[in-house]
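Have a look at the structure below before the remarks.
The values are calculated or read from the model by the stated rules, or taken from the named source; none is laboratory data. The shown structure was predicted, so the numbers you read here are calculated from the model rather than taken from an experiment. Glycine also receives a Cβ, built like all others from the backbone with ideal geometry; neighbour counts cover every protein chain displayed.
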Amino acid sequence: DSLHAALKELDEEDCAARVALTHFSPVADTLAGEPPEIHPFLGSYLLAEAIDTAGADLAVHGHAHLGAEHGMTAG
């Protein structure tokens, strides 16, 4: 809820591009190559929902070491 509130505040700002930077992955696509049993510890779809709600133009995350470079949220 606090993430959504912070993103809503940003929605009121005028900017040329919105970039979401997270530690954990927002999508399973970028976890390809990581052992499946640790996927739950590397990310969450809840981040993707917040990113889409905020209207991010680009999302970048760390944490995965063997994952893929590209993925896409539902939004």
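Tabulated values for the structure
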| read-out | value |
| --- | --- |
| Counted residues, region 9-44 - those being assigned to a helix (DSSP H, G or I) and either in contact with a helix residue (DSSP H, G or I) (Cβ under 8 Å, 6 or more places away or on another chain) or in contact (Cβ under 8 Å) with a residue 40 or more places away in the chain (or both) | 7 |
| Counted residues, region 60-75 - those being surrounded by 19 or more Cβ atoms within 10 Å (Cβ to Cβ) and either of a type in the set (Asp, Glu) or not in a loop (DSSP other than H, G, I, E, B) (or both) | 1 |
| Odd one out for Pro26, checked against (1) exposed (fewer than 15 other Cβ atoms within 10 Å of the Cβ); (2) modelled with pLDDT of 95 or more | (1) |
| Scan of region 45-59 for residues that are surrounded by fewer than 13 Cβ atoms within 10 Å (Cβ to Cβ) and part of a loop (DSSP other than H, G, I, E, B), ordered by number | Gly55, Asp57 |
| Residue list for region 1-23, restricted to those being more than 16 Å from Gly75 (Cα to Cα) and surrounded by 17 or more Cβ atoms within 10 Å (Cβ to Cβ) | Thr22 |
